[in-house]
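*Asks:* Here's a structure for you.
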Amino acid sequence: MYDVHSKCADDFIDHEEILATLAYADENKENTELIDSIIEKAKKRKGLTHREASVLLACPIEEKNQEIYRLAEQIKKDFYGNRIVMFAPLYLSNYCINGCTYCPYHAKNKHIPRKQLSQDDIIREVTALQDMGHKRLALEAGEDPVRNTMDYYLESIRTIYGIKHKNGAIRRVNINIAATTVDNYRLLREAGIGTYILFQETYHKESYLELHPTGPKHDYNYHTEAMDRAMEGGIDDVGLGVLFGLDKYRYEFAGLLMHAEHLEAAFGVGPHTISVPRLKHADDINPEEFDNGIDDETFLKIIACIRIAVPYTGMIISTRENKSCRGKALHLGISQISGGSRTSVGGYYEPEPEDENSEQFDVSDNRTLDEVVRWLMEMDYIPSFCTACYREGRTGDRFMALCKSGQIQNCCHPNALMTLKEYLTDYATPETKKIGDRLIEKEVLNVPNEKVRKVVLENLRLIEEDNRRDFRF
Ligand code: SF4
Ligand code: SF4
């Protein structure tokens, strides 16, 4: 029985409730009166229920869809302005004992090179990432309790935070590793991770069991209840996501929103981020063999509907998507993107040899970080390398309260400008620096509070002239 407060996955992601939601959405997808009332509610920027948002997602009326897109863009601007937070993934290990049928790291794949970064490898990789200008990483690893132990993760996090090279520093380490115990989540929190990310892959339990035939990940409930345990372990920034293409997208969409509603109801804190990966080609994985692939148009509508249903959440898109799709997605709700990514174990310090390809998926956007930063600025976005909140203790409900009230903007905007200035001074090509300095000059006038504006201007000067770093609000 559907129960948003229950700690049991079968209750908070109740299959019957999703089916009823899809039927309700089908019945009402052309009910313009209801659609208008849902859009009006969404304009209040307090979000929508999974049922309401599912009606919008199902709606085929072009005029209403355009309204949904416009609203998504406006809500994105209201909560995130024109800032885009930058990050990079770092794959620590592709050893994995699971049998996920959509991922080339599955245990039966005997030909993919298996690698695990040593602490020395990590120092080399992270130094290379710092030299690109990154400040925020997402660690990734397969599930292998013998090789990829909690001690290994903790040591790796300590190593990463400890690397100080020239003006570089990784200031926020997010982590995407297998579902684990409350005690282990507590250890990760104590190690200073930012967000704990775990993709559900699919909320459809029957499909989930088929897609994960072997290994500990087969346990749907243990996987789906992971965020509850993470929160119990004190991690209050968690990141959700499904892998679109595995099951029917409308089912996944409803499940994803029900998961967000559950975290709000049970812990008072919704998801810090939502990611929207799509199934891609990789080693022995052919996306054509899965029946539920979605086209760009559907993908973009999903993004817009998530944006208006969960207005406060950060939304992430990776280099699984190409430049054109990423560009459109930014308008509709995406607030974080990766740049210059490698999806192999290693590869930042030195590209992998062709015959040693350990990529988890093919990258569709191969541009360097500098090219992505310039591209964003040419579209009038401010690439931000800010990591201030977690370091100032603004996490969980504290963060959400500031975010939902819009007050966080007073921090985000100046922080974006100051961290961009660091990037431009330390890492950018001359052309990118020129464009960026012009953008900062213009954007600094948009800091509303005069006192704050003066501080920002002085800090910008200190970054450029006195080699000072790490200012933040
Ligand atoms: S998705 Fe994760 S758990 Fe599954 S095979 Fe790939 S790395 Fe392993
Ligand atoms: S101030 Fe906080 S919410 Fe804003 S960009 Fe920085 S870390 Fe993110």
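*Asks:* Residue by residue through the range 175-187, note down the ones that are surrounded by fewer than 23 Cβ atoms within 10 Å (Cβ to Cβ) and either in contact with a Leu (Cβ under 9 Å, 6 or more places away or on another chain) or within 19 Å of ALA88 (Cα to Cα) (or both).
*Replies:* Filtering the range 175-187 down to residues surrounded by fewer than 23 Cβ atoms within 10 Å (Cβ to Cβ) leaves 176-184, 186-187.
ASN176, ILE177, ALA178, ALA179, THR180, LEU187, listed by residue number.
*Asks:* Sort out which residues of the range 161-175 are of a type outside the set (Gly, Ala, Ser) and in contact (Cβ under 8 Å) with a residue 40 or more places away in the chain, and write them in order of number.
*Replies:* ILE163, LYS166, ASN167, ILE170, ARG171, ARG172, ASN174
*Asks:* Which members of the range 393-417 meet the condition of being free of Cβ contacts under 8 Å to residues at least 60 places away in the same chain and either surrounded by fewer than 18 Cβ atoms within 10 Å (Cβ to Cβ) or more than 7 Å from ligand 2 (Cβ to nearest atom) (or both)?
*Replies:* GLY393, ARG394, ARG398, ALA401, LEU402, SER405, GLN407, PRO414, LEU417, listed by residue number.
*Asks:* Separate question: Of all residues in the range 65-122, which are basic (Lys, Arg) and surrounded by fewer than 18 Cβ atoms within 10 Å (Cβ to Cβ)?
*Replies:* ARG70, LYS77, LYS108, LYS110, ARG114
*Asks:* Now, a different point. Pairs please, first residue from the range 364-392 and closer than 13 Å to LEU330 by Cα, second anywhere and among the acidic types (Asp, Glu) and away from ligand 1 (no atom under 16 Å from the Cβ), Cβ atoms under 8 Å, 6+ apart in sequence or on different chains.
*Replies:* Hits for this filter: VAL372/ASP365; ILE382/GLU443.
*Asks:* Taking the condition outside the structural domain of PRO113 (by TED's automatic domain parsing), at pLDDT 95 or above, under 21 Å from GLN130 (Cβ atoms) and more than 16 Å from ligand 2 (Cβ to nearest atom), does VAL345 pass?
*Replies:* no
*Asks:* Condition test on ARG461, is it more than 24 Å from GLN74 (Cα to Cα), among the charged types (D, E, K, R) and either within 16 Å of ligand 1 (Cβ to nearest atom) or touching a residue at least 12 places away in the same chain (Cβ under 8 Å) (or both)?
*Replies:* no
*Asks:* Can you say whether ASP14 is over 20 Å from GLU73 (Cβ atoms), of a type in the set (Asp, Glu) and touching a Phe, Trp or Tyr at 6+ places or on another chain (Cβ under 6 Å), as far as the supplied structure shows?
*Replies:* yes
The values are calculated or read from the model by the stated rules, or taken from the named source; none is laboratory data. It should be emphasised that the depicted structure is a prediction, and the values quoted were computed from it without experimental measurement. Cβ coordinates were reconstructed from backbone atoms using ideal geometry, including for glycine residues, and neighbour counts include every protein chain displayed.
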